[in-house]
Amino acid sequence: MIIAEHILQNAVKKGITQLYNLNNLPLSFQKTRKEFEGDFTLVTFAFTKETKKSPEQIGNDIGAYLIANEPQIVAFNVVKGFLNITLSDTFWLNYFNSIKSNATIGLKNPNSSGKTVMLEYSSPNTNKPLHLGHVRNNLVGYSVAQILKGAGHTVIKANIINDRGIHICKSMLAWQKWGNGETPESSGLKGDHLVGKYYVIFDKEYKKQIEELVNKGKTKEEAEKLAPLIIEAQQMLLKWEAGDKEVVDLWKKMNGWVYNGFAVTYKSLGVDFDKMYYESNTYLLGKELVQEGLQKNIFYKKENGSVAIDLTAEGLDEKIVLRSDGTSVYITQDIGTAIERFKEFPQLNQLIYTVGNEQDYHFKVLFKILEKLGYQWAKECYHLSYGMVELPEGKMKSREGTVVDADDLINEMFNTAQQTTEELGKVANFTEDELKELYRTISMGALKYFILKVDPKKKMLFDPKESIDFNGHTGPFIQYTYARIKSVIRKTDLNFDTQLQTVSFNQIEKELIKLIYDFEGTVEEAAKLYNPSIVANYAYELTKLYNRFYHEFNILKEEDETIKRFRLQLSFTCSQTLYNAMNLLGINVPERM
RNA sequence: GGUCCCAUAGCUCAACUGGAUAGAGCAACGGUUUUCUAAACCGUAGGUCCUUGGUUCGAGCCCAAGUGGGACUACCA
């Protein structure tokens, strides 16, 4: 329990009451910056108005009070409006003793918060393989789920597969026309790639037809609607909706290929789901709710028969929720599925959608509509909006082939990991299987860390010409440090039997303990903000500091037995903290590398 | 046209949500290994935090205007 802040809060509160007879001033402590002496800092500018004293005076008053009245506080200094407070070494040692052998350091007990969250992520289309943009979605979604679990929430990971619609029919039609019965087995292609190939073929042929029509004098818009291929695809969609056996069988067959392909990619990425939804089952949901909304006058019928909602008062536009022919649009089914999920899971407190920021507007509208329909939980719906992954030349576009394919990238990373490891030549006694496992761990560590270290909200750049690094601020650096600690521990007997009573630790050791102390708050903050990058950057800070420690001080060769034991325990606790932090990111750490 | 997002070192990203002298990695340059894993460590160099005004004890962060970039604004999904 964030014990240090607790002590400071209470002591300072009492002090202010006694010194100035003031109550309920908001106190906020921050970590003291490295350049200054101290552990925590109280900013005293905030109290100048109430106390009518200078910030320096206030700092000195409170500081003196703390020294006199709180035995755990041993020193203070004042710089301008900053009161820097130092806690005793005993306090930090006690803290360390209390957590050092705790495997779940920083994490709350599973399901202890009483809050249940459904987190939807991944949500692929079944007409093409996954690319780097999807990878970011999967990694962010999975990591946020891990972090929310770490914060004690119950998390249901959900995936809604976009398995129907005109885009699926495009692949199907192209395969029918030009596929010659090709299968994943006959072609040696991964199922999702095979289907994606025909999606691209469709687009190429479709563009040809458009061009021909334009040459015959049609406008581009007319040509896009008149091209025989698109008309055929639309007919196929109608047949699918009517349950036409031939179309449905083809659809099942090709979707099956895609699912097999996705399963491989998901396994590589290390992501999984508790609940699968399929749009082919849910796309009709929401229609009857439109009737309900009409009766409540939340929606209105337009002259042409379509149904809409007016959100101009909210700063949004008018939005169609049902077409004039009575069929639904995308948001209709989103309304339906949201309601369905809260019915299916009555204990649900929150619904999180991991979807790119290009859909910010869509979700604003969706949540507003749900709110207007009177659902109390509407305000607990949250769009976990992440930025696009861009290439140096701009956004990735599937149809134009300017995408970084997920499987290709994963394979490349694997090869780089293998090559780098072989060059370093430290794995002579690994078996073949152990090596493969190690390359997987390192390559995915590099890829995942690369993506998760940046704030999900921001767009990020990926340059395929520059391979993802294995040195510096990277996943492998953290993994290496973990393995390094394990290597030291393997050489001796680590035991926590006796508590350390008195150890005078050096500056870096104290900083390490303080940093370990920060982990719990870091996890809480990351959970509050749905932001894995906070955990990623924390892990890096701890790693860097540990390496400095490792370089400057001996552990096994230390002659003073007490210090040796302390350093060993401290190293272990660092490794455990790194393990937990990386686990929140979905990154494995190797025992040796 | 309207709405929203973004702009920090040559490049990729931080900055604990308004606090102290804006930090890392990569790239460049120099150094460290008979010692627990050199995927490491130490050092040098690199900044008009897009611009201009405002708010305040204090602004990279808040407000206003401008510049540049992006997304959205379908009876597509």
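List of remarks:
- Segment A:Glu344-A:Glu212, extension gain: residue separation times 0.36 nm, minus the distance between their alpha carbons: 42.4 nm
- Exposure check, 1.4 Å probe, all protein chains in place: A:Ile201 carries approximately 40 Å² of accessible surface.
- Vicinal HN-Hα couplings computed from phi for the stretch A:517-532 (Karplus, 6.51 cos²θ - 1.76 cosθ + 1.60; Hz; Gly/Pro x): 4, 5, 4, 4, x, 5, 4, 4, 5, 4, 5, 5, 9, 6, 10, x
- Amide H contacts of A:Tyr386 (H built 1.01 Å from N, in plane; Pro and chain starts excluded): A:Val355, A:Gly356, A:Asn357 sit under 5 Å, all sequence-distant by 5 or more or on other chains.
- Of A:His131, A:Phe82, A:Ile156, farthest towards positive along the dipole that unit charges on Lys, Arg, Asp, Glu beta carbons give the stretch A:53-166: A:His131
- Antiparallel beta bridges, as assigned by DSSP with both residues in chain A, represent about 50 percent of the total such bridges.
- Beyond 18 Å in Cα-Cα separation lie the following of the pairs A:Lys128/A:Lys220; A:Lys52/A:Lys80; A:Lys220/A:Lys319: A:Lys128/A:Lys220; A:Lys220/A:Lys319.
- Net lengthening on full extension, A:Asp560/A:Val427 (0.36 nm per residue, minus Cα-Cα): 44.6 nm
- Solvent-accessible surface (1.4 Å probe) assigned to A:Thr431 amounts to roughly 70 Å².
- Accessible area in square angstrom per residue, chain A, 1.4 angstrom probe: 48
- Rg in Å to one decimal, and Dmax rounded to a whole Å, for chain A via C-alpha atoms: 29.4, 93
- Extension reserve of the A:Lys267-A:Thr219 stretch, reckoned as 0.36 nm per residue once the Cα distance is removed: 12.6 nm
- Note that the stretch A:361-374 has calculated 3J(HN,Hα) couplings of 5, 3, 6, 4, 5, 4, 5, 5, 5, 4, 5, 5, 6, x Hz, one per residue in order, obtained from phi through the Karplus relation 6.51 cos²θ - 1.76 cosθ + 1.60 (θ = phi - 60°); glycine and proline are x.
- Helix-only arithmetic for chain A: the sum of -39500 (n - 2.57) across DSSP H runs with n ≥ 4, divided by the residue total, places the mean residue ellipticity at 222 nm at -17500 deg cm²/dmol.
- Cut-off 15 Å between beta-carbons: net charge of the residues surrounding A:Ala536, Lys and Arg +1, Asp and Glu -1: +1
- Listed values for the stretch A:384-395 are Karplus-derived 3J(HN,Hα) couplings in whole Hz (6.51 cos²θ - 1.76 cosθ + 1.60, θ = phi - 60°), namely 7, 9, 10, x, 5, 8, 10, 9, x, 8, x, 5, and x replaces Gly and Pro.
- Sorting A:21-34, A:540-553, A:439-452, A:150-163 by average packing, meaning the other beta carbons within 10 Å per residue, from highest down gives A:439-452, A:150-163, A:540-553, A:21-34.
- Applying 1/(1 + (r/R0)^6) with r as the Cβ-Cβ distance of A:Tyr361 and A:Ser28 and R0 = 45 angstrom yields a FRET efficiency of 0.80.
- Computed over chain A: relative contact order in percent, which uses C-alpha pairs under 8 Å that are six or more apart: 15
- Averaging Cα coordinates gives a centre for the stretch A:518-568 and one for the stretch A:309-325; these two points are 52 Å apart.
- Heavy-atom accessible area for A:Trp377, with the other protein chains in place and a 1.4 Å probe, reaches approximately 40 Å².
- Residues of the stretch A:195-226 with amide N under 17 Å of a point placed 7 Å along Cα→Cβ from A:Trp178: A:195-213
- Across the cross-link table entries A:Lys287/A:Lys457; A:Lys448/A:Lys514; A:Lys170/A:Lys267; A:Lys457/A:Lys514; A:Lys197/A:Lys397; A:Lys204/A:Lys448, which are compared at the Cα atoms, the separations over 23 Å belong to A:Lys287/A:Lys457; A:Lys448/A:Lys514; A:Lys170/A:Lys267; A:Lys457/A:Lys514; A:Lys204/A:Lys448.
- Cα-centred dipole magnitude for chain A, charges only on beta-carbon of K, R (+1) and D, E (-1), debye, nearest 20: 640
- Options A:Ile587, A:Tyr277, A:Gly521, ranked by Cα towards positive dipole end of chain A, top entry (Cβ charges): A:Gly521
- Separation between Cα centres of the stretch A:1-62 and the stretch A:239-305, rounded to whole Å: 56
- Separation of the stretch A:445-480 from the stretch A:134-199 is 24 Å, based on Cα centroids.
- Among residues other than A:Ala263 with Cβ under 13 Å from its Cβ, the summed charge is -1 (Lys and Arg +1, Asp and Glu -1).
- Paired Rg and Dmax values of the stretch A:3-87, which use every Cα atom, in angstrom: 11.5, 33
- Near A:Ala75, the amide H atoms lying under 5 Å from its own belong to A:Thr86; only residues 5 or more places off or on other chains count, and H is placed 1.01 Å from N.
The values are calculated or read from the model by the stated rules, or taken from the named source; none is laboratory data. Quantities reported herein were computed from a predicted structural model and do not represent experimental measurements. Note that we place each Cβ from the backbone using ideal geometry, even for glycine, and neighbour counts take in every protein chain shown. Just the protein is used for accessible areas: all its heavy atoms, side chains included, with ligands, DNA and RNA removed. Shrake-Rupley method; radii C 1.70, N 1.55, O 1.52, S 1.80 Å.
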